[in-house]
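Just below is one structure, and these are the notes that go with it.
Derivation of every value follows stated rules applied to the coordinates shown; laboratory data play no part. This one's a predicted model, so the numbers in the text were calculated from it and none came from an experiment. All Cβ positions, even for glycine, are placed from backbone atoms using ideal geometry, and neighbour counts span all protein chains on display.
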Amino acid sequence: MEILISPKTVGARHFIMGRATIEEGEHISPHIHDYGDEALYIVSGQGVINIEGEASLSIQAGDAVLIPQGHMHSLSNTGNERMFVVFASGPLASRPEVGHRNLPPA
C-alpha cells in the first residue's frame, strides 16, 4: 500500500489517495475509517470486498466501490493474478492515527 496524496506528501487538506497491490491469495485486513468515506477503483484483478452490513461483493477490474464512513471493510484477492486498486478517503481525520483503525479478524 502506498499513499500518493496526503497532508504529508503534497499538503492535501481534505482527502488522501493511494494505491495498493494485493498479490494472489492476499488480503487487506478489516479496518474502519471513522471520519470519512472510502472509494476504491479496481484497476486489475478480481476479488471480494466485505462491507459491514452488506453481503460480500465480488469485484473485478473496472469496478468502483464506495465504503460509507464508519463501516468495517476488508478486501481479498480471489483471482489468479495480482490485484491493483486505487483508493481515496475523505474528509481527513483530525490526526492520521485516528483516521484508519485496524480491527481484529472476525
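Things to note:
- Counting only residues that are of a type in the set (Gly, Ala, Ser), over 21 Å from Phe15 (Cα atoms) and either in contact (Cβ under 8 Å) with a residue 24 or more places away in the chain or touching a helix residue (DSSP H, G or I) at 6+ places or on another chain (Cβ under 6 Å) (or both), the stretch 45-94 holds 4 of them.
- Picking from residues in the stretch 75-97 that are β-branched (Val, Ile, Thr) and within 14 Å of the chain's Cα centre (by Cα), the one that is surrounded by the fewest Cβ atoms within 10 Å (Cβ to Cβ) is Val86.
- Within the stretch 1-19, residues that are touching a residue at least 60 places away in the same chain (Cβ under 8 Å) have Cβ atoms under 7 Å from residues that are of a type in the set (D, E, K, R) and loosely packed, with under 14 Cβ neighbours inside 10 Å in these pairs: Pro7/Arg13; Gly18/Glu2; Arg19/Glu2, counting only partners at least 6 apart in sequence or on another chain.
- Of residues in the stretch 58-74 being hydrophobic (A, V, I, L, M, F, W, C) and surrounded by 13 or more Cβ atoms within 10 Å (Cβ to Cβ), the one nearest to Val98 (Cα to Cα): Met72
- Identity of the residue in the stretch 3-35, hydroxyl-bearing (Ser, Thr, Tyr) and part of a strand (DSSP E or B), that ends up nearest to Ile67 (Cα to Cα): Ser29
- Candidates Glu97, Glu38, filtered to the one that is of a type in the set (Asp, Glu), within 20 Å of Thr9 (Cβ to Cβ) and assigned to a strand (DSSP E or B): Glu38
- Within the stretch 30-47, the residues that satisfy the criterion of being surrounded by 16 or more Cβ atoms within 10 Å (Cβ to Cβ) and β-branched (Val, Ile, Thr) are Ile32, Ile42.
- Listed conditions (1) in contact with a Lys or Arg (Cβ under 9 Å, 6 or more places away or on another chain); (2) over 18 Å from Ile16 (Cβ atoms) are all met by Gly47, apart from (1).
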